[in-house]
Amino acid sequence: MMPSELSLKRAPQPLKKEYTQGIKRSAGASQNEVYMNYIFFWLAAAVLLIAAELGHPSLFFFLSAALGCGAASVGAIYGVSLVAQISLFLAITALAFFPLQWWVRRGQAKNTAHMKTNAYALIGKKGVVVAAIMPGQSGAVRVGGQIWSAKAHESIQENAVIEVTTIAGVHLIVKPAEGDTHGII
């Protein structure tokens, strides 16, 4: 037999006792250190989820997950197992989701139920004719500091005060304003 064949047939030798004790001590963390790592993990996740919620306020599910992380960190403080922490996270996230959804949607509905947007926000506003408007032809009006093309069912001269009644395509449909016209520029 050659020396290289002998080395292949030798069984692996176990590590000496002094080496294995050092490895166990350095690799193994105490139970308190492990739970502290879980606490910091859950708290860091909660902070990141709250930051995500602040960046996207209408996506309220980040907030429910942050509450779940908070509950899991409390579980870690009391020393419950990782499985129990994950269970706490999932349960509190699920339980918080629907009440938070109701609360956020209710607040959004209160603030946006009667809010008009885009050009439709101009309906009812007053403005000034910039270019005379003839029936069947378009002119121009200034409403809210912006120039808009406009049509009317009657002739309206330049510098007359108007009120926006509706919108048809790209034109505001206007009529001569009645009542208080002060402050219209």
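The values are calculated or read from the model by the stated rules, or taken from the named source; none is laboratory data. What you are looking at is a predicted structure, and each value in this text was computed from that prediction instead of being measured. Cβ sites come from the backbone with ideal geometry, for glycine too, and all protein chains shown count toward neighbours.
In region 99-118 there is at least one residue that is more than 30 Å from A140 (Cα to Cα), surrounded by 10 or more Cβ atoms within 10 Å (Cβ to Cβ) and modelled with pLDDT of 80 or more.
The criterion of at least 2 residues that are modelled with pLDDT of 65 or more, assigned by TED's automatic domain parsing to the domain that holds Q101 and among the acidic types (D, E) is met, among helices (runs of 4 or more DSSP H) falling completely within region 1-91, by 31-55.
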